[in-house]
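Notes to accompany the following structure.
The values are calculated or read from the model by the stated rules, or taken from the named source; none is laboratory data. Not measured: the values here are computed from a predicted model. Here the Cβ positions follow ideal geometry from the backbone for every residue, glycine too, while neighbour counts run over all protein chains shown.
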Amino acid sequence: MTTREQLHEISRNLWWSWHPEALSLLKRLNRDAYKASGNNPIVALNLAKADVLSDAQVQADVDTVYRQFRDYMESPGGQEHAPKTAYFCMEYGLHESLPFYSGGLGILAGDHTKAASDVGLPLTAVGLFLRDGYFRQYFDKTGSQHDDYPAIDSTQHAVELATDANGDPITVTVHVGHREVFLRAWKVCVGKTVLYLLDTDFAANPFDIRFLSRRLYQGDRSTRIQQEIILGIGGIRLLRALGESFDVHHMNEGHCAFLTLELLRERLERGESRSDAEEAVRQQCVFTTHTPVIAGHDRFDAGLFNFSMQVIRESLHMSEFDLLAYGRVHPNDFNEEFTMTVLGLKLSRKANGVSKLHGSVARHQWQSLYPSLKPDEVPITHVTNGVHLPTWAAPASRSFLDVHLGSWEKDRERQETWDRLSQVSDKSIWEYRTRLRAGLISFVNDHVRTQTMSQDARLDREALTIGFARRFATYKRAPLLFTDLERITRLFENADHPIQVIYAGKAHPQDEGGKDFIQQIFELSHRPEFNGRLIFLENYNMEVGRKLISGCDVWLNNPRRPMEASGTSGQKIAIHGGLNLSIPDGWWPEGYDGTNGWSIGSNASHEYEDPSVQDPRDAVLLYEKLENEVIPLFYERNSSGRPEKWIQMVRSAMTGLTYSFSAHRMIKDYIRDIYTKGS
Ligand SMILES: *Cc1c(COP(=O)(O)O)cnc(C)c1O
């Protein structure tokens, strides 16, 4: 094989997105093109410089990486005999060059597909080909958020049309309303996992239909239900056209729950009775909910639902009442909307929330579906989310762990592996933290210069660095730190104990409250009293995320409890030796043990009916933690200039949290507790 052929093969599998040696090789082919294309390695390969390709060292490196790739693809991961699983999700966060995600749900789905590949789980994933993706964010001089939808060019990405034996694109059809829609699919190789992305944007469809699959969470309810018909019903039809069937269909959040109706239709068509067919579908389906707030669940009013589902309903030979009943808690309530989560719960054999706390919240939330059961008996369990360490670990973390923990990637499941951190010196750990922080600061300095609204960053490589980056949904309360401006200003003005805070995040374009939060922080970041040490980074994506979670000393999370189903960004920091400062919401009550970060208040102290009471109280608790614990501990230095107690907390967090909140632990939990029958 020629070097070019090897590179071509490597580049066509997103395996490179979690194998840094592969990515840096592709990057090296044309660094400028890589950067200018938004970190797209295919562009770097297409525009590879001739002198780089002919370089003997590069050719040798390509050989090595190619061998690693083949080894990975051919060696078993251990879970090859687990149930064959079809995984459905509206969004996937795989790499910043493929903008098919808006936030935590998509990142989780991307991490799930990668971990499935690593452990050899036979999993096929299905989503939408969101050609325009979620938006690129930029600010004007008032800090007002603007959105831009640069379409991706399929010839410049690791995607190819799914074709049949003759090499012709596979197409399937679904009806949205009375209109027939043609779908084709793009195949994305994620290691050993294949992800199919359904697409309406081709000549067989009229203009408005072509637009349907392009954008994530945009448009009105009618667009949304049409997208969900495509994902759920079209997704199953695509799998059939590929000749595939599965033991388990995993609905990751309600958007894809229409898939149950297609499974039902197949059985009814074969002559099964309605009750037999329903039970059989249930036996094939599992459902994960991510939404702790009732109002946050995807739902459609009966008029829109009946209109959009008319042909599908006829093919099921059901009345409007009967079909609506699958999505209603009380089928006889004609005002009740059709809720996708209810459909998912009614037609699955197993359901879960995404943290222990969220499991309990979900059981209370859906108790009305199981009127004979007490909340604790509601059949919704939990699998706590985790993050894919090979994707999120900074290169410096890998080398640090290679040196100190040996074959940690292979032995990640063994607690002894992580316990070896107790032997690592304070000096090594502090140097590690200092290096990661410095890396972040130089990234931020570059980033703010290229922003649409450039900012005057005066970050200090030695100062306590706090990060906050996530979607700007209002329940996450991004500006909570600025509730009492005088109090926070005093902290910023203390020259002996300097702090700096870096924010990033997108608000949904229709979320005025979230956009307002961005503007508030943006405006504050330009005030002199914050001295160039309060920064708002534009266009939060996986790249910005990776930098922030590796470099920050403290990761702040202050949602209105219990609205954070899990949260995963705080899990990403553990391997980097960052410390969580978080409301005990989502995954954190499971992670926090008193030695590995901070809890803002106790588990019981946070649930008030009224946000105007809860928010200021939580803000006071946050200030107290910062003033009395976090900042003093960081600056309590020994004679060698190191914060011993802080370093001990870092050690404790790295030891206890890294594997427990990883996607490899998560995927094994899913296989054992959810995918395997009788579990
Ligand atoms: C990890 C991550 C998220 C999820 O963050 P939460 O803390 O779960 O809200 C969202 N967006 C990006 C880009 C991420 O990397």
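Of all residue pairs spaced 6 or more apart or on separate chains, those with beta-carbon atoms under 7 Å, a first member in region 163-183 that is within 15 Å of Ile312 (Cα to Cα) and a second member that is among the basic types (Lys, Arg) are Val172/Arg237; Val174/Arg237. When we screen Ala469, Ala478 for residues that are in contact with a Ser or Thr (Cβ under 9 Å, 6 or more places away or on another chain) and within 16 Å of the ligand (Cβ to nearest atom), the only hit is Ala469.
For Ala36, only one of the following conditions fails: (1) within 20 Å of His388 (Cβ to Cβ); (2) away from the ligand (no atom under 16 Å from the Cβ). What is its number? Going through (1) within 20 Å of His388 (Cβ to Cβ); (2) away from the ligand (no atom under 16 Å from the Cβ) one by one, Ala36 breaks only (1).
Contact map, region 460-476: first residue closer than 20 Å to Gly567 by Cβ, second residue part of a strand (DSSP E or B) and near the ligand (Cβ under 9 Å from one of its atoms), Cβ cut-off under 6 Å, separation 6 or more or different chains; pairs are Gly467/Trp555; Ala469/Ala504. Please go through region 534-555 and pick out each residue that is of a type outside the set (Val, Ile, Thr), closer than 16 Å to Ile575 by Cα and either within 12 Å of the ligand (Cβ to nearest atom) or under 17 Å from the mean Cα position of the chain (by Cα) (or both). Once the filter is applied, which keeps residues that are of a type outside the set (Val, Ile, Thr), closer than 16 Å to Ile575 by Cα and either within 12 Å of the ligand (Cβ to nearest atom) or under 17 Å from the mean Cα position of the chain (by Cα) (or both), region 534-555 yields Gly545, Arg546, Lys547, Leu548, Ser550, Trp555.
Conditions tested, residue by residue: (1) more than 18 Å from Ser662 (Cα to Cα); (2) buried (at least 23 other Cβ atoms within 10 Å of the Cβ).
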{"position": "Gly353", "(1), (2)": "no, yes"}
{"position": "Gly359", "(1), (2)": "yes, no"}
{"position": "Pro379", "(1), (2)": "yes, no"}
{"position": "Thr384", "(1), (2)": "no, yes"}
{"position": "His388", "(1), (2)": "no, yes"}
{"position": "Trp392", "(1), (2)": "no, yes"}
{"position": "Leu440", "(1), (2)": "yes, yes"}
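Results for (1) in a loop (DSSP other than H, G, I, E, B); (2) touching a strand residue (DSSP E or B) at 6+ places or on another chain (Cβ under 8 Å); (3) in contact (Cβ under 8 Å) with a residue 12 or more places away in the chain, shown as yes or no for each residue.
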{"position": "Met1", "(1), (2), (3)": "yes, no, yes"}
{"position": "Arg4", "(1), (2), (3)": "no, no, yes"}
{"position": "Val43", "(1), (2), (3)": "no, no, yes"}
{"position": "His81", "(1), (2), (3)": "yes, no, no"}
{"position": "Met90", "(1), (2), (3)": "yes, yes, yes"}
{"position": "Ser97", "(1), (2), (3)": "yes, no, yes"}
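Counting only helices (runs of 4 or more DSSP H) that fall entirely inside region 376-458 and contain at least 2 residues that are more than 16 Å from the ligand (Cβ to nearest atom), the qualifying elements are 395-405, 415-419, 426-450.
Yes or no, residue by residue, for (1) in contact with a helix residue (DSSP H, G or I) (Cβ under 8 Å, 6 or more places away or on another chain); (2) within 30 Å of Gln284 (Cβ to Cβ):
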position: Glu5; (1), (2): no, no
position: Pro20; (1), (2): yes, no
position: Arg31; (1), (2): yes, no
position: Leu53; (1), (2): yes, no
position: Tyr66; (1), (2): yes, no
position: Asp71; (1), (2): no, no
position: Gly78; (1), (2): yes, yes
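Residue pairs whose Cβ atoms lie under 6 Å apart, sitting 6 or more positions apart in sequence or on different chains, and linking a residue in region 363-380 that is among the small types (Gly, Ala, Ser) to a partner that is surrounded by 11 or more Cβ atoms within 10 Å (Cβ to Cβ), are Ser368/Val329. For Ala295, the criteria (1) under 30 Å from Glu564 (Cβ atoms); (2) crowded, with 21+ Cβ neighbours inside 10 Å hold in every case but one, which is (2).
Tell me, please, whether a residue that is touching a residue at least 60 places away in the same chain (Cβ under 8 Å), out of contact with any Gly (no Cβ under 9 Å at 6 or more places or on another chain), part of a loop (DSSP other than H, G, I, E, B) and within 16 Å of the ligand (Cβ to nearest atom) can be found in region 123-138. Yes, there is a match, as at least one residue in region 123-138 is touching a residue at least 60 places away in the same chain (Cβ under 8 Å), out of contact with any Gly (no Cβ under 9 Å at 6 or more places or on another chain), part of a loop (DSSP other than H, G, I, E, B) and within 16 Å of the ligand (Cβ to nearest atom). Of the residues in region 79-100, at least one is crowded, with 18+ Cβ neighbours inside 10 Å, aromatic (Phe, Trp, Tyr) and within 16 Å of the ligand (Cβ to nearest atom).
Here's the yes/no breakdown for (1) on the phi < 0 side of the Ramachandran plot; (2) at pLDDT 95 or above; (3) assigned by TED's automatic domain parsing to the domain that holds Leu621; (4) touching a Leu at 6+ places or on another chain (Cβ under 9 Å):
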| residue | (1), (2), (3), (4) |
| --- | --- |
| Ile429 | yes, yes, yes, yes |
| Arg435 | yes, yes, yes, no |
| Thr450 | yes, no, yes, no |
| Met453 | yes, no, yes, no |
| Arg458 | yes, no, yes, no |
| Arg461 | yes, yes, yes, no |
| Lys476 | yes, yes, yes, no |
| Pro479 | yes, yes, yes, yes |
| Glu486 | yes, yes, yes, no |
